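To start, the structure under review is shown below, and the notes come after it.
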Amino acid sequence: MTMDRNADAPWSKFDPEAYVDDNYRTPLEVDLLIVRLMRDHFTRCFADTPHPVRGIDVGAGANLYPALSMLPWCDKVLLLEYAHPNVEYLEKQVSPGGYDTAWDPFWNELCEAPAYRAVEPRELAGEIVRVERGNLFDLEHGHRRWGLGTMFFVADSMSECPEEFRRGVRCFMNALGDGAPFAAAFMKESVGYRVGAHDYPAYRVNEDRVRESLAPFTRELEIHDLHHMVRPGHEGMLLALGRRDSEIATP
Ligand SMILES: C[S@@+](CC[C@H](N)C(=O)[O-])C[C@H]1O[C@@H](n2cnc3c(N)ncnc32)[C@H](O)[C@@H]1O
């Protein structure tokens with residue numbers, strides 16, 4: 001049986017508007033829950049961590065809520081994305097016109113915490129968020145490092161190959177400096193997904209696989225198993241929250 005590898009998927013045909021329609025235009029309770037958990041994690045971490053730091057969202061795609069969750073803690077946020085249509089979508093979101101109102105419900109959830117209420121998100125996103133077309137796998141050697149990171153539905157949703165899943169997680173973690181808070185989300189037991197007219201690969205993960213992949217990089221890790229289905233073909237979502245620990249030998 002052949003496995004769909006990352007380089008085989010039709011990334012250049014990814015349709016960001018169809019993706020937003022399917023996943024975010026009508027906010028799902030599970031995403032709002034993820035936003036709250038991430039907001040509280042970052043708020044706790046930065047209570048004793050100097051900031052602002054530089055943040056990165058890896059494989060940002062057509063999702064702005066990880067970037068919004070980083071705004072109060074950062075002086076720069078990089079959205080790294082491989083698919084050209086998503087790069088264009090993101091550039092429009094951070095252009096002077098401001099991001100689409102579809103992202104307001106997520107910001108409203110963040111605003112329940114005081115650090116977020118102090119921020120004017122459209123203005124700040126336009127000032128500090130930058131989009132870069134790039135490949136997650138190029139982060140492998142840790143030449144570039146960030147003080148805060150997110151990776152949502154990427155390492156598990158880019159290939160069917162187990163080695164590429166582990167490599168994706170490793171590349172994300174190697175891009176984080178010592179002590180950097182992070183949030184990473186995964187579709188549980190996903191068998192792949194369709195966006196518009198195209199099919200995209202996934203690697204089936206469960207809580208143990210996610211824990212095993214992250215454990216070499218962090219001693220502070222909590223995994224939330226969120227039993228919400230957004231479509232047939234997966235069994236919920238996993239949210240990993242932690243801090244990078246570079247005392248642990250980098251594999
Ligand atoms: C399921 S989408 C997730 C998008 C978004 N992060 C979210 O939370 O909805 C997977 C994303 O990974 C991106 N991607 C796939 N391969 C990549 C690679 N090698 N480097 C960086 N991004 C990649 C895709 O273009 C797509 O935006």
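Bear in mind these aren't lab numbers, they're just calculated from the coordinates by the rules spelled out. The structure displayed is predicted, hence computed values, not measured ones. A quick note on method: Cβ atoms are made from the backbone with ideal geometry, for glycine too, and the neighbour counts reach across all protein chains shown.
Solvent-free Debye calculation, one equal scatterer per alpha-carbon of segment 128-223: log10 I(q)/I(0) at 0.19, 0.24, 0.26 Å⁻¹ equals -0.95, -1.36, -1.49. Projecting label points 7 angstrom from Cα along Cα→Cβ for Glu207 and Glu222 puts them 1.4 nm apart. Percent of Cα pairs in the chain per distance bin of 10 Å, from zero to the largest separation: 7, 34, 40, 17, 1, 0. For Phe152, nonlocal amide neighbours, meaning residues 5 or more places apart or on other chains whose placed amide H falls under 5 Å from its own, are Val58, Ala185.
With helices as the sole contributors, the chain gives -9500 deg cm²/dmol at 222 nm; each DSSP H run of n ≥ 4 counts as -39500 (n - 2.57), and the sum is divided by every residue. What is the calculated FRET efficiency for Ser12 to Ala102, with r their C-beta to C-beta distance and R₀ = 25 Å, to the nearest 0.05? E(calc), rounded to 0.05, equals 0.60.
Orientation-averaged projection of segment 194-251 equals 5.2 nm² [convex hull of Cα atoms, one quarter of hull surface area]. Converting phi to 3J(HN,Hα) with the Karplus coefficients 6.51, -1.76 and 1.60 and the offset θ = phi - 60°, segment 88-101 yields 4, 4, 5, 4, 5, 5, 9, 7, x, x, x, 6, 4, 5 Hz in sequence order, with x at every glycine or proline.
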